[in-house]
Amino acid sequence: MTSSLSSLRRALRTDFASSLVVFLVALPLCVGVAVASGVPAELGLITGIVGGLVTGLLPGSSLQVSGPAAGLTVLVLTAVTEYGLPALGMSVLAAGLLQLALGALRLGRLFRAVSLSVVYGMLAGIGLVLITGQMYALGDRRAPGSGLSNVAGLPGLLTDVLGSGPALTAIGIGAGTVVVMTLWKKMPAKAQLLPGPLVAVGLAVLATVAFDLPVERVEVKGLTEAIQPPGLDGFSRLSDVGLLTTIVAFTLIASAESLFSAAAVDRLHDGPKTAYDKELMAQGAGNTVCGLLGALPMTAVIVRSAANVQAGARTKVSRVLHGLWLLLFAALLPGALGMIPTAALAGVLVHAGFKLLPVEELGPLWREHRGEAVVLTVTAGAILVTNMFDGVLIGLLLAVVKTAWETSHVHIEVDDAGTGLVTVRIVGHATFLRLPRILDALEQLPTDRPIELNLAGLRHLDHACMSALQSWSDQHNAHTVQPEHTTSRAA
């Protein structure tokens, strides 16, 4: 009993320390994601609080931490721009209820059946859109909107900021934030007990206040004033196809990101592993509460989760306490938010965007699995050119086509002695995708001699190929041999 109590005390001490680390990591990210999403900064803190105090208490994954994610920034900004801030809460609420239903139906594991190249492409696309959009915020400018228009507007942005002293000052603040975050990882381990984002934003605040720099700062409304529960008029817009698409996108992307994060976090520790259906329901409960409060959608965030594990967390106490610290900060020190330069938060998100790009993985992937690299690149480019939902759908479709093409491998062997019977043996998977190749090979055979088709080596013969082969055989000669067991297997 004494040893058990001692172990519990040690776990609580490490969880308490871990919660402070996670809080310091989450604070600038919550605010930065909210500002980049075009909503009050407090809504990001509310989502972080709910992620700790609601989702953090529920079963599923004991060590991963939930809150607003950079991966949903682009989608939230688009939704707020097109449908207004009041529609955000209703969309998040509906997405949360869908997640609860999917978890109750035990469909959580289905989210693991997604091509990794599509997932990495989705993250890379998010990173590209995030970087191009936050380039404008670095100079205290407003982004045009979509990813493609943001890219097209970059030359004009450069010309604009070069002629503006305040814009150059803001860029200096943002660039300095990125540099500090990059170099902070090379500092001694003791120094890294303070998270890089917090140090970078803190230095930006000190520089802005000390020199009274003419840069934009975060607008503060107060926690209770920022809460906007969805009204009844918002639910009448559920018939809008575009809004329904946004809700489905929230559900799928938030669920997939959370469960992929859970799989990654499970590899970082030796404790209890994630129960995927329960974790999906926990995320759904959190998003339902966020929707009722009109806050941002939440996901499990790998950055905070990894910081939690690396800080030594052992139980869910650490993530619950991190939500409590966020609540106390938002309630007691709301004015501190108004001191943060928006360019510094843009720097934090630009840094986060670059971390989403699979720069190191793309080269080996291209050499070893070229098709996967193509799917990744196309998915990322499609998200940048179109939008998140369409880009992911394009990536999934391409991954399915690639898999179908690879699994329909067929080998054709021709035994021709120069005279008499020609034997053709077809091995593998004969599907409609390979039908042109099969027919091209058959049409090159001699037309004046009998030909035997041996299909015993086929593992799969679809209806299109079977009909085409039978038609070709009937036209060529009456000596085709088609084993009975092969025909029945294909059927």
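The values are calculated or read from the model by the stated rules, or taken from the named source; none is laboratory data. Just so it is clear, the model here is predicted, and its values are computed rather than measured. All Cβ positions, even for glycine, are placed from backbone atoms using ideal geometry, and neighbour counts span all protein chains on display. Heavy atoms of the whole protein, side chains included, go into the accessibility calculation; ligands, DNA and RNA do not. Shrake-Rupley method; radii C 1.70, N 1.55, O 1.52, S 1.80 Å.
Once the Cα atoms are used to define both axes, helix 359-368 deviates from the longest principal axis of the chain by about 10 degrees. Measuring between their Cα centroids, the range 276-308 and the range 17-66 lie 9 Å from each other.
Suppose a student asked you for the relative contact order of the chain, using Cα pairs under 8 Å spaced at least 6 residues apart; what percent would you report?
On the way: 885 pairs, mean separation 139.0, N = 491.
28 percent.
Heavy-atom surface analysis with a 1.4 Å probe gives the range 277-417 a carbon and sulfur content of 70 percent of its accessible area.
Once the mean of 1/r is taken over each pair of separate Cα atoms and inverted, the chain shows a Kirkwood hydrodynamic radius of 25.2 Å. Summary value for the range 286-430: 9 percent relative contact order, contacts being C-alpha pairs under 8 angstrom separated by 6+ residues. In the chain, the longest principal axis of the Cα atoms and the axis of helix 116-138 are about 40 degrees apart. Per the Cα gyration tensor, the range 29-96 maps to an equivalent ellipsoid with semi-axes of 22, 13, 10 Å, ordered largest to smallest. The smallest convex shape that holds all Cα atoms of the range 161-226, its convex hull, gives 118 Å³ per residue.
Taking the DSSP beta bridges with both ends in the chain, the antiparallel portion is around 55 percent.
With bins 5 Å wide beginning at 0, the percent of Cα pairs of the range 437-479 falling in each bin runs 5, 19, 33, 28, 13, 3, 0. How much of the calculated P(r) for the range 345-414 lies past 21 Å, in percent of all Cα pairs? Taking all Cα-Cα pairs of the range 345-414, the fraction more than 21 Å apart is 42 percent. Run lengths n ≥ 4 of DSSP H only: what is the helix-derived mean residue ellipticity at 222 nm for the chain, with -39500 (n - 2.57) per run over all residues, to the nearest 500? Only helices count here, giving -21000 deg cm²/dmol. Accessible surface calculations at 1.4 Å, restricted to protein heavy atoms, place the chain at 46 Å² per residue.
When Leu396, Leu332, Leu183 are compared by accessible area of protein heavy atoms, the largest-first order is Leu332, Leu183, Leu396, using a 1.4 Å probe. Placing unit charges on each Cβ (+1 for Lys and Arg, -1 for Asp and Glu) gives the range 87-241 a dipole about its Cα centre, and among Leu105, Leu238, Ala167 the Cα reaching farthest toward its positive end belongs to Leu105.
Cα-based Rg of the range 263-319 per 2.2 N^0.38 Å, rounded to two decimals? Display every interim value, and only then the final one.
Details: Rg = 12.6 Å, N = 57, 2.2 N^0.38 = 10.2 Å.
Cα-based Rg divided by the globular estimate yields 1.23.
For the range 216-324, what is the Kirkwood estimate of the hydrodynamic radius, computed as the reciprocal of the mean inverse distance between distinct Cα atoms, to one decimal in Å?
Working: mean 1/r = 0.0617 Å⁻¹.
About 16.2 Å, per the Kirkwood formula over Cα pairs.
The trypsin sites (Lys or Arg not before Pro) found in the range 139-192 that occupy coil by DSSP, while having at most 16 further C-beta atoms within 10 Å, are Arg142, Lys185, Lys186, Lys190. Convex hull volume of the Cα atoms of the range 75-210, normalised per residue: 190 Å³. Quick one: with all protein chains in place, what share of the accessible area of the range 26-121 is carbon or sulfur, to the nearest percent (1.4 Å probe)? Result for the range 26-121: 71 percent of the exposed heavy-atom area is carbon or sulfur.
The magnitude of the dipole of the range 183-334, with charges of +1 and -1 set on the Cβ of Lys/Arg and Asp/Glu and taken from the Cα centre, is near 680 debye. Note that the range 304-373 shows a convex hull volume over its alpha carbon atoms of 146 Å³ per residue. Relative to the longest principal axis of the Cα atoms of the chain, helix 463-476 runs at roughly 20 degrees.
List the trypsin sites (Lys or Arg not before Pro) within the range 239-295 that DSSP assigns to loop and that have no more than 10 neighbouring Cβ atoms inside 10 Å. Working shown, then result.
Working: sites: Arg267, Lys273, Lys278; in loops: Arg267, Lys273.
Filter output for the range 239-295: Arg267.
Among the trypsin sites (Lys or Arg not before Pro) within the range 207-257, not one is in coil by DSSP while having at most 11 neighbouring Cβ atoms inside 10 Å. Eigenvalues of the alpha-carbon gyration tensor of the range 123-176, scaled by 5 and square-rooted, set the equivalent ellipsoid semi-axes at 20, 13, 7 angstrom, largest first. Here the spin labels are modelled as points 7 Å beyond Cα on the Cα-Cβ line, and at Val241 and Lys278 they lie 4.2 nm apart.
Taking the Cβ of Gly103 as the centre, find all other residues whose Cβ is under 13 Å away and add up their charges (Lys, Arg: +1; Asp, Glu: -1).
Details: positive: Arg106, Arg109, Lys278; negative: Asp277, Glu279.
Local net charge: +1.
Say the dipole of the chain comes from +1 at the beta carbon of Lys and Arg and -1 at that of Asp and Glu; which of Val151, Gln192, Gly291 then lies farthest toward its positive end? Of Val151, Gln192, Gly291, it is Gln192.
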